[in-house]
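*Asks:* The structure that follows is given in the form of structure tokens.
The values are calculated or read from the model by the stated rules, or taken from the named source; none is laboratory data. Please read these numbers as outputs of a predicted model, since none were measured by experiment. Quick reminder, even Gly has a Cβ in these numbers, built from the backbone with ideal geometry, and neighbours come from all protein chains shown. SASA here: full protein model, heavy atoms, side chains in, ligands and nucleic acids out. Shrake-Rupley method; radii C 1.70, N 1.55, O 1.52, S 1.80 Å.
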Amino acid sequence: MRASGQVRMTGWLKKQGVRLPAQMAIKALEAANAQLTVVHGEAAAAALVAKIATDLLRLREELLQLDRQIEARLAEHPFAPTS
């Protein structure tokens, strides 16, 4: 996270739809820079968290796509509101 820097992290957070991405990036980097202790398994845990986050973002996109499909189908129904 530290290596990505504030600008890159802000861009990524904004792309993910995070509210106030610049402020969140600053806080996250401050927390990362304040961390002094490294724990065994930290890298493995970080990789797992990153994978889970990626999976959740993919699932979010799938749900949004499914929602759009359902909405389109309902709009085609003969009893759908016309206004």
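*Asks:* Restricting attention to the stretch 6-17, and to residues there that are in contact (Cβ under 8 Å) with a residue 12 or more places away in the chain and under 18 Å from Ala46 (Cα atoms), which single residue is surrounded by the most Cβ atoms within 10 Å (Cβ to Cβ)?
*Replies:* Among residues in the stretch 6-17 that are in contact (Cβ under 8 Å) with a residue 12 or more places away in the chain and under 18 Å from Ala46 (Cα atoms), the one surrounded by the most Cβ atoms within 10 Å (Cβ to Cβ) is Met9.
*Asks:* Additional query: Among the numbered criteria (1) open to solvent by 100 Å² or more (accessible area, probe 1.4 Å); (2) part of a helix (DSSP H, G or I), which single criterion is violated by Ala43?
*Replies:* (1)
*Asks:* Would you mention how many residues in the stretch 10-52 are closer than 21 Å to Leu64 by Cα and modelled with pLDDT of 95 or more?
*Replies:* 2
*Asks:* Any residue in the stretch 18-30 that is under 19 Å from Ser4 (Cβ atoms), open to solvent by less than 60 Å² (accessible area, probe 1.4 Å) and not in a helix (DSSP H, G or I)?
*Replies:* Within the stretch 18-30 (the criterion being under 19 Å from Ser4 (Cβ atoms), open to solvent by less than 60 Å² (accessible area, probe 1.4 Å) and not in a helix (DSSP H, G or I)), the answer is yes, since at least one residue qualifies.
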